[in-house]
1. Considering only residues that are in a strand (DSSP E or B) and aromatic (Phe, Trp, Tyr), which ones fall in the range 291-308?
2. If you take the residues of the range 362-379 that are under 14 Å from PHE536 (Cβ atoms) and aliphatic (A, V, I, L, M), which of them is most open to solvent (accessible area, probe 1.4 Å)?
3. Go through the range 133-166 and count every residue that is under 26 Å from PRO60 (Cα atoms), part of a strand (DSSP E or B) and open to solvent by 10 Å² or more (accessible area, probe 1.4 Å).
4. Mind checking which residues of the range 190-220 are under 17 Å from PRO92 (Cβ atoms), open to solvent by 60 Å² or more (accessible area, probe 1.4 Å) and in a strand (DSSP E or B)?
5. So LEU495 ticks every box in (1) under 24 Å from ASN604 (Cα atoms); (2) open to solvent by less than 50 Å² (accessible area, probe 1.4 Å); (3) not polar (S, T, N, Q); (4) not in a strand (DSSP E or B) but one. Which box is left unticked?
6. Among the residues of the range 169-189, count how many are assigned to a strand (DSSP E or B), under 29 Å from HIS323 (Cβ atoms) and open to solvent by 20 Å² or more (accessible area, probe 1.4 Å).
7. Just to be sure before I move on: is THR106 open to solvent by less than 50 Å² (accessible area, probe 1.4 Å) and part of a loop (DSSP other than H, G, I, E, B) in the structure I sent?
8. Somewhere in the range 501-521, is a residue open to solvent by 70 Å² or more (accessible area, probe 1.4 Å), in contact (Cβ under 8 Å) with a residue 40 or more places away in the chain and outside any strand (DSSP E or B)?
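The values are calculated or read from the model by the stated rules, or taken from the named source; none is laboratory data. Keep in mind the model is a prediction, meaning the values are calculated, not measured. Glycine also receives a Cβ, built like all others from the backbone with ideal geometry; neighbour counts cover every protein chain displayed. Protein only, heavy atoms only, side chains kept; ligands, DNA and RNA dropped before computing areas. Shrake-Rupley method; radii C 1.70, N 1.55, O 1.52, S 1.80 Å.
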Amino acid sequence: MQLLTGQQRNLLANFINTRMHDTLRGRSLTFYSLCCAICIAVVSSTALPQTTSAQEADLPPIEDPVVVSVAPATETIAPGESSALVVTFKLPKFMWLGAAPSEARTPAGTRIQMVDHDAFTFEEPQYPEPSVEGVPVHVGTTRVYEGEVQVVVPFTVASNAPTGTHTLEALITYTPGFNAGSLATHANTRHETVVTVDEDASSSRPLPAPGVAEVPDYFIVQRDEGYPTAFSPMFHEYEPSAFTDVLHTLFMDPPDHGKTIRHAPFPFISSSNQAGLSLGGGVTFLNTTREAIMTGSLSINAFHNQFLGTGLGFDYLSCPAAHKNLQISGRFSGSDYRELQVAWEDFTVGADDRWGFQVDGTAVTDPRIRFYGMGPGTKERDVAIYDHREVGGTLDVYHFPAQKLRVGIGYKARYVEVGRGLDDIDQVVDGPIPALLDLARFSDVPGLGGATVMGGRFNVIYDARNQEFNPSSGFFGKFTAEVNEVVDDHNSTALVNTYGRFLLDLRQYLSTVDKRWQLVLRSEATVTTSDRVPFFDQAQLGGFNSLRAFDEGRFYGQHSVFGSMEIRRTVGSIKMMSFPMTILMSAFLDGGQVFNSAFGDDFNLNPGMAVRMANPPNVGFTFNVAYGQDGIYSTGGISLPI
């Protein structure tokens, strides 16, 4: 097996790093970013032609980076003779192309289908021998091509074929990509060539052989502003300077990274039952590769929330190498609301990337949190409000003993206080929402006074997906076992001292070769060993990656089960601020329930629809609408879609 050399891996990581990671588990980013993206998409779709240098004009564009051509091995052939078509894929430097459909993993396989012709009989395409490359951090290998790839399609001319020119058509499906994931799939692109049938043509010549050749070092994708000149102050790309050096340092870019900094202003509006209505705006600084892949961002914004008043926020994300990234998010509004989230992942520790770690931390004071009670039968009218104050997180250390397998141990700590919450949040119909601490019906909820929990964790992950984000094929499974101790009950009543907590996450991805149709099957389960576990550490359902018809944390219980079936359809692509975006629409059915000793008959089945705009292979904008017992509910925002 031939893996990437150290030099190749450094070049790929430094120049075309394509990895981002969202480790703020169970928490979606705000929907305003999706609204902004749609506005920018409208602007960028009106892009004016751009003046390029002669050298740039010879390079492929961002949205179509592979140069594909079809030509006959012999332009003139006699009836009854055999020859071949030569299909050539010219790939920019550092880019991959998937091998034959049965061999490739990431990128997806390359398929050539000839359109039937009465005078020609086509044989199966003959592909060159692909190279075997390692997918980062030991999640398997894939068979790919690099450089200029020549595929041969033999054919025979019918003995009674009419003389003259004949147009031959090929439908070609291919997916360019890198070691960390695929870019947009080009499905059934039509390519034509002409062959002349002449009875006086010379006899058959030897068929060409499939093969792979190098491309020049200068053959890379062409830069593209992707927006009208009138908007360039809004979507500005910075020339190298001390300012960009500071930002590249913040983004942890290595020397000779080849990336650029640009900024874009954005307005936003977001609304949810729990968070309330927010209006605001800000500016984001984007760190991008030449291939228009976002590898980092720094956003600063100001907002006004109907419950909290005026506030400030920021979001920072850096991905300096594959499976190595840092994300920090903060929101602040007066003395009532403060939130800081940190997610740090690095699976490249050690000489052979056999070790890694993941850190998730939170510090939050949010007086708007809703609580509906314990168990599956809670109703929307049961809502109460409280102030959730927490400092804590997890630290997991992983080892990679075999391909696709990770084993890890870790530590968990949560310090949680429960306060009264805001007094002036009104229901649409029923008036002010009561404070959780004032309601006698919730007096027996475990952990109502808060608690301090510490414990150990054990994780096993099997990852055979074709890529981590926006996957289209493969299987993912994760099992987590925790042993936790309540070291301080904060005067909460009758909490268990020690308890176990077990989580299972299974996902299966299936797709056609062209990725036009995808089927995603997900199932999750959480089991705790006592019903006197603090409520905030029990199983819960609801939110962006759970029951999408409900807000986050809508249901709490000792155990939970969740399943989802989603059919996705790729409908097209656009350029948004020069970033190629793939558009997908999907229909889904979510199902799940929390329960204690008995399962009961309160199982939720929630149909819904979703729209995704993804910048392959990672970041995307997602909007979900689903129907449940509380009515129609929407979730969405910027995410790294699973």
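1. If the condition is that a residue be in a strand (DSSP E or B) and aromatic (Phe, Trp, Tyr), then PHE303 is the only one that fits.
2. Step by step, filter the range 362-379, then rank; the result is MET374.
3. 3
4. VAL212 - this is the single residue of the range 190-220 that is under 17 Å from PRO92 (Cβ atoms), open to solvent by 60 Å² or more (accessible area, probe 1.4 Å) and in a strand (DSSP E or B).
5. (1)
6. So the answer is 1.
7. Answer is yes for this residue.
8. yes
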